[in-house]
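Here is the structure we will look at.
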Amino acid sequence: MPSAEVVCTGMVERIGLENAKIHFHSEKDSFEKVAQVPHHKEALKAIALCLMDPVYGVVKDPGDIHAVGHRVVHGGSVFTKATPIDELVKDKIKELSVLASLHNPANLEGIKVSEEIFPSARQIAVFDTAFHQTIPIEAYKYAIPGHFLEENGIRLYGFHGMSHKYVSEKAIEYLGRHASKMITIHLGNGCSMTAIADGRSVDHTLGFGTTTGLIMGTRSGDIDPSVIFYLINSLGYTPKEVNTMLQKKSGMLGLTGFSDLRDIEQAAEDGNKACRLALQMNAYRIKKYIGAYAAAMNGLDAIVFTAGIGENSALIRSLACEEMDFLGIRLDQEKNRIRSKDLREINSPDSAVKVLVIPTNEELEIARQAYKLEVPQQSP
């Protein structure tokens, strides 16, 4: 930094599954290996070992790291920008875990492990909710008694903000004035969509917590609240059991038995009817929100697919864009099938709406915000 030169990249995927995999790439070496990574703490330790390995690592000593940027999913209404981490910040992140039970605890664990591995570094939290602070009150306020917002902060917050911010800015840079009304579609194990008008978030599918909206890997997405009361009052489930089911046992996992879309697509291709239906349901939910947000913005110039599934699943993109002629969305199937790590158009020439695939880069967004905080910009 500040040139944003990438000296190494890496990731740990399928954390908690038997076939977890570590990827690492630097100028010295590249590799991927299957490993036992039962939880996020072990994942971060594995990353640190890669960074400081004497053969292929890029850091000689933990003291070489001056700042560590942490993605924190839920900042509530307290954190609206990147923030240096101290004990009070950690306490607040823990308090907000009730709103993001799949993420904030893991984020906090990562912070604590990072403090052990890089004790001299400044730990900085970058919040996913910050980008959505521009959502207007008619979109973020729930139709419940007003004191719940005023006294308890119950409202739509929005998530995946770094991803939606990054790809929307890339789209605006690419399309210019033809991107004033845009929908960004972040599809991974967690999924969300954002309506963006003139570069500002104006609505979003995730709300007070991270369960609403689209069908996700293990999360249900939108569900009638009456179902929850029925499960508790008539079927004997406890609130904790219902919460666990909706967060960790529903979504694509609950529909198919698989949480990884690659496995689901393969099973569907092999004739698995449950997997075929789940893919159709997944795409249907995306199409519903495209229509809703186009109506809310009174128009649509572009849609952007991003994140692991959005960038790599030609099938989901195709299903989500089919029979959308009334909005002027027309996909070029040949372009859609091409795999690339670059920004690309996949719409047909006669499509009134641009359809883009833009690889997200939350790491760069975190690095920029952490660097800006760690090394304040000097006046000219």
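Nothing in this text is a laboratory measurement; each read-out follows from the coordinates by a stated rule. Just so it is clear, the model here is predicted, and its values are computed rather than measured. A quick note on method: Cβ atoms are made from the backbone with ideal geometry, for glycine too, and the neighbour counts reach across all protein chains shown.
Things worth noting here:
- Distant-in-sequence amide H partners of residue 331 (H built 1.01 Å from N, under 5 Å): 348
- For segment 178-362, pairs of C-alpha atoms spaced more than 25 angstrom apart make up 36 percent of the total.
- Debye log10 I(q)/I(0) at q = 0.06, 0.08, 0.12, 0.14 Å⁻¹ for the chain, Cα point scatterers: -0.24, -0.43, -1.02, -1.40
- Prolate/oblate/rounded call for segment 233-339, Cα gyration tensor, a/c under 1.5 rounded: oblate
- Descending Cα extents along the principal axes, segment 281-380, whole Å: 52, 32, 28
- Residues 194, 360, 80, sorted so that the one with the fewest Cβ neighbours within 10 Å comes first: 80, 360, 194
- Dividing the summed -39500 (n - 2.57) terms of all DSSP H runs of n ≥ 4 by the residue count of the chain sets its mean residue ellipticity at 222 nm at -11500 deg cm²/dmol.
- Mean shadow area of segment 151-236, taken as a quarter of the surface of its Cα convex hull (nm²): 7.3
- Mean separation of Cα pairs under 8 Å and 6 or more residues apart, divided by the residue count, gives segment 2-41 a relative contact order of 34 percent.
- Here the 3J(HN,Hα) profile of segment 161-172, calculated from phi with Karplus coefficients 6.51, -1.76 and 1.60 at θ = phi - 60°, is x, 5, 5, 4, 5, 4, 6, 5, 5, 5, 5, 5 Hz, Gly and Pro shown as x.
- When each of 293, 237 is scored by the number of other beta-carbon atoms lying within 10 Å, the sequence from fewest to most is 237, 293.
- Summarising the amide proton neighbourhood of residue 159: residues at separation of 5 or more, or on other chains, whose placed amide H is nearer than 5 Å comprise 206.
- Between segment 172-224 and segment 320-380, the Cα center-to-center distance that results, in Å: 13
- Residues 70, 23, 39, ranked from the fewest to the most other C-beta atoms within 10 Å, line up as 39, 23, 70.
- When the chain is treated as a GNM with alpha-carbon contacts under 10 Å, the residue of 263, 332, 224 showing the greatest mean-square fluctuation is 224.
- For segment 61-87 versus segment 1-58, the gap between their alpha-carbon centres in whole angstrom: 20
- Under 5 Å between amide hydrogens, built in the peptide plane, is the criterion, and for residue 68 it picks out 122, 123, 124 among residues at least 5 positions away or on other chains.
- Residue-wise HN-Hα coupling along segment 12-28, computed from phi with Karplus coefficients 6.51, -1.76, 1.60 (Hz; x: Gly, Pro): 10, 10, 6, 4, x, 9, 5, 9, 4, 9, 10, 10, 8, 9, 8, 5, 7
- Checked against a 30 Å cut-off, the cross-linked pairs 41/92; 28/354; 21/165; 92/288; 60/165 give Cα-Cα distances beyond that limit for 28/354; 92/288; 60/165.
- For the chain, the relative contact order is 13 percent, taking Cα pairs closer than 8 Å that sit 6 or more residues apart in sequence and dividing their mean separation by the residue count.
- Choice from 118, 159, 24 with maximal GNM fluctuation in the chain (Cα, 10 Å cutoff): 24
- Computed on segment 32-185, the Cα convex hull volume stands at 163 Å³ per residue.
- Integer Hz, Karplus 6.51/-1.76/1.60 couplings in order for segment 139-150, x for Gly and Pro: 9, 9, 8, 8, 7, 10, x, x, 5, 5, 6, 5
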